[in-house]
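One structure below.
The values are calculated or read from the model by the stated rules, or taken from the named source; none is laboratory data. Please read all numbers here as calculations on a predicted model, not as lab measurements. Note: ideal-geometry Cβ built from the backbone for every residue, glycine included; neighbour counts use all protein chains shown.
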Amino acid sequence: MLNIEMSKRILVTGGAGFIGSAVVRRIIRETTHEALVFDKLTYAGNLSSLASVANDNRFHFIHGDICDALTVRAAFESFRPDWVMHLAAESHVDRSIDGPAAFIQTNLVGTYVLLQEALRFWLGLTGNAAQGFRFHHVSTDEVFGSLGEVGLFREDTPYAPNSPYSASKAGSDHLARAWLNTYGLPIVMTNCSNNYGPYHFPEKLIPLMILNALERRQLPVYGDGGNIRDWLFVEDHAEALLLAVERGCVGESYNIGGQCELSNIAVVNAICDLMDKLSPHRELGPHRALIGHVPDRPGHDLRYAIDCGKIERELGWRPRESFESGLRRTVVWYLENREWWSKVNSGAHDRERLGLLG
């Protein structure tokens, strides 16, 4: 376990993305650590998600691609991080079906480049700096494949990815483990369930449904809506990620889940019911009338659910938000932050259906 009394310098890849920005906001608001955001600013990366902390003198930013070894190396040399939190990734399953090459490039090649440059930097450290260095690889429960009606993903569940996205993340997990076991790079790993919350790019289920409901557009539900996910509020996840890099043991992996299994149709119904209360359209009727079922995603995993007992026992973490409280916070945030999602949504994404295989 690390001594975390002193402030640390944390390099956060993908720090302008949904989960990464929640981590960075938490670092600046609730710790004395410094954060360097290293982000390519693709369609899902947005500096406006960091506006509330960007003027703090402990916040730093580099516009860079993790596949660019020279830019990554320069970031290590200039910032000289104590810890790396690697969240940069292509992450949308539907996009991976339409264009898997970007997922292979970023999630596999980019992770390889980052591991190599982290190893180069770590090998040049001595004493306490070398001993205290950590590389935290952040991943997903989708690497484990699909569960049946019972059971939970554990840290020792065999990998069985079913989409180009999950296969690329499984590969990046294996690379991280190989750099730990072959080269000794001090790595901690985490795998999380489905995140939701403020600042979520509107291609994912919950923000897509909220924004479509606001505009009285169809709420497209894949298949019969029976696919089940474990939902994790993003601020709870950010807290768990910081605990993992601060206190996690080198070589260990930790599953992070919200302990909240719900079918997609149950989630959509809950959003509709909240919208009826918070943004009613009395003339147009209840929001559930907007629900429409569309052809299912190819290879759509039936169920994900995480056993997060290890991180609870060893690091003392557990989710603070129930799904009901977290969803209400999320819907209220989107209702109050039209300027953010209007800018994010304009031009880059029309909430169109992806992943149909032509």
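Working only within segment 167-180, note down all residues that are free of Cβ contacts under 8 Å to residues at least 24 places away in the same chain, of a type outside the set (A, V, I, L, M, F, W, C) and farther than 12 Å from residue 136 by Cα.
Of everything in segment 167-180, just one residue is free of Cβ contacts under 8 Å to residues at least 24 places away in the same chain, of a type outside the set (A, V, I, L, M, F, W, C) and farther than 12 Å from residue 136 by Cα, namely 174.
Kindly check whether there is at least one residue in segment 195-207 that is in a helix (DSSP H, G or I), at pLDDT below 95 and surrounded by fewer than 24 Cβ atoms within 10 Å (Cβ to Cβ).
Yes.
This table checks each residue for (1) within 20 Å of residue 87 (Cβ to Cβ); (2) crowded, with 17+ Cβ neighbours inside 10 Å.
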residue	(1), (2)
229	yes, yes
241	yes, yes
246	yes, yes
253	yes, yes
256	yes, yes
260	no, yes
264	no, yes
271	no, yes
276	no, no
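Being under 27 Å from residue 112 (Cβ atoms), out of contact with any Pro (no Cβ under 8 Å at 6 or more places or on another chain) and among the hydroxyl-bearing types (Ser, Thr, Tyr) is the filter here; which residues of segment 166-215 pass it? Please lay out each step first, then the result.
Let us first name the residues in segment 166-215 that are under 27 Å from residue 112 (Cβ atoms), namely 166-195, 201, 203-204.
Narrowing the set further to residues that are out of contact with any Pro (no Cβ under 8 Å at 6 or more places or on another chain) leaves 166, 171-179, 181-195, 203-204.
Correct list: 166, 172, 182, 183, 190, 193.
Can you tell me which of (1) of a type outside the set (D, E, K, R); (2) at positive phi; (3) buried (at least 19 other Cβ atoms within 10 Å of the Cβ) is the one residue 17 doesn't meet?
Residue 17 satisfies every listed condition except (2).
Go through segment 295-312 and give me each residue that's closer than 21 Å to residue 234 by Cα and not in a strand (DSSP E or B).
The first filter runs over segment 295-312 and keeps only residues closer than 21 Å to residue 234 by Cα, leaving 303-312.
Matches in segment 295-312: 304, 305, 307, 308, 309, 310, 311, 312.
Matching residues to (1) crowded, with 22+ Cβ neighbours inside 10 Å; (2) in contact with a Leu (Cβ under 7 Å, 6 or more places away or on another chain):
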site	(1), (2)
97	no, yes
103	yes, no
111	yes, yes
116	no, no
124	no, no
134	yes, no
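State the number of residues belonging to segment 122-166 that are touching a residue at least 60 places away in the same chain (Cβ under 8 Å), over 16 Å from residue 83 (Cβ atoms) and assigned to a helix (DSSP H, G or I).
Initial filter on segment 122-166 (touching a residue at least 60 places away in the same chain (Cβ under 8 Å)): 122, 132, 134, 136, 138, 141-142, 144-149, 151-155, 162-166.
Then keep just the ones that are over 16 Å from residue 83 (Cβ atoms); that gives 141-142, 144-149, 151-155, 162-166.
This time we only want the ones that are assigned to a helix (DSSP H, G or I), so: 141-142, 144, 164-166.
Count: 6.
Name the residue, out of 262, 243, 232, 274, that is touching a residue at least 24 places away in the same chain (Cβ under 8 Å), assigned to a strand (DSSP E or B) and more than 14 Å from the chain's Cα centre (by Cα).
262
If you go through segment 155-174 one residue at a time, do you hit one that is surrounded by fewer than 18 Cβ atoms within 10 Å (Cβ to Cβ), basic (Lys, Arg) and under 26 Å from residue 22 (Cβ atoms)?
Looking through segment 155-174, none of the residues is surrounded by fewer than 18 Cβ atoms within 10 Å (Cβ to Cβ), basic (Lys, Arg) and under 26 Å from residue 22 (Cβ atoms).
Under the condition of being modelled with pLDDT under 60 and surrounded by 12 or more Cβ atoms within 10 Å (Cβ to Cβ), which residue from segment 328-358 is farthest from residue 21 (Cα to Cα)?
Here is the first cut: in segment 328-358, the ones modelled with pLDDT under 60 are 347-351, 353-358.
Now restrict to residues that are surrounded by 12 or more Cβ atoms within 10 Å (Cβ to Cβ): 348-349, 351, 354-356.
Values: 348: 19, 349: 20, 351: 22, 354: 25, 355: 27, 356: 30 Å.
Per the criteria, the residue is 356.
Name the single residue that is surrounded by the most Cβ atoms within 10 Å (Cβ to Cβ) among those in segment 27-60 being in contact with a Leu (Cβ under 9 Å, 6 or more places away or on another chain), touching a residue at least 40 places away in the same chain (Cβ under 8 Å) and more than 16 Å from residue 89 (Cα to Cα).
27
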